[in-house]
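To start, the structure under review is shown below, and the notes come after it.
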Amino acid sequence: MADFDLIILDFDGTFTDVDAEAVPFLDHYRRGLEALAGRPIDEAWAEAVEEVRREPDAHGFRFETRIVAPSHADPYILSSCVSQLVLEGLGMPIELGHLETLFHDSYRHADTVFRPDARDVVEALLSLGVPVHVVSNSRTDNVVAKLERLDASLLSRMEVRGNARKFHLVDPEGSDARFDSLPESRAVEGLTRPLYLRRGRYYDVLRSLWDATGASPERTLVCGDIYELDLALPAALGASVHLVGRETTPAWEREAASADRGAFSTELRGVLDRV
Ligand SMILES: [Mg+2]
């Protein structure tokens, strides 16, 4: 008998090599920021990256006022944190609308680079006969287009749920005792800010998958590349988790992911040891 009744995979950074994909994005983004600033920004950019690295917990992706994903999670979040510091350092007004437009324009130039073991690992997971679902913050059509390039036959064998908004700290649709039992946040060894758990939009997706498959959280395995975004909520609900990180994944994320029913690997195939 399989160990799990449901397997949930994140997409960007989990199937893909985000650092490689972001190279052309960064090129466009930095040139665009330079145009916004109207002067060279290389020095200010390097200083801002240093500042974020010095105090990683003070920066990050924010939902309203609260940090909901770490600054180092991927090059996209890091660029957003850095660009605000660059403009601030140059004494320029931070027009979030302009930065958002720049971000989306640049994102269109991002590459598609799969982790080398992506296709084989997904095939191996599908061969277990357990439902496999992809749950991503990216738009469904973006994820589907990338999966078509990996292997179009995968799309008939697993469902993709995009726009999961794993960073939204809101209540789920309708009251729910399981969600209500979650604390606002938890402390994590090695992280100096709280890690917020009540991500209601992500919960809506998880609950709909549990309803559709009949699986329980305890019989679910969730695999992702950012502990805070992908794994903290399902782990708090009793699911098993697997963090597929990079060499740069900090110790606190590796340790948090490895507690209880979790594990960490730098290669995607590490998840196969769990099933
Ligand atoms: Mg990801």
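Structural remarks
- Subset tally (residues that are more than 16 Å from the ligand (Cβ to nearest atom) and either on the phi < 0 side of the Ramachandran plot or in the same structural domain as V188 (by TED's automatic domain parsing) (or both)) for region 68-107: 25
- When region 212-234 is filtered for residues that are over 17 Å from D180 (Cβ atoms), away from the ligand (no atom under 16 Å from the Cβ) and either without any contact (Cβ under 8 Å) to a residue 40 or more places away in the chain or basic (K, R) (or both), the ones remaining, listed by number, are A212, E218, R219.
- Residues being within 16 Å of the ligand (Cβ to nearest atom), more than 30 Å from A212 (Cα to Cα) and buried (at least 16 other Cβ atoms within 10 Å of the Cβ) - total across region 7-50: 5
- Close pairs from region 121-138: first within 15 Å of the ligand (Cβ to nearest atom), partner hydroxyl-bearing (S, T, Y) and modelled with pLDDT of 95 or more, Cβ under 8 Å, at least 6 apart: V135/Y202
The values are calculated or read from the model by the stated rules, or taken from the named source; none is laboratory data. Keep in mind it's a predicted model, so treat the numbers as computed, not measured. Glycine gets a Cβ as well: all are built from the backbone with ideal geometry, and neighbour counts include every protein chain shown.
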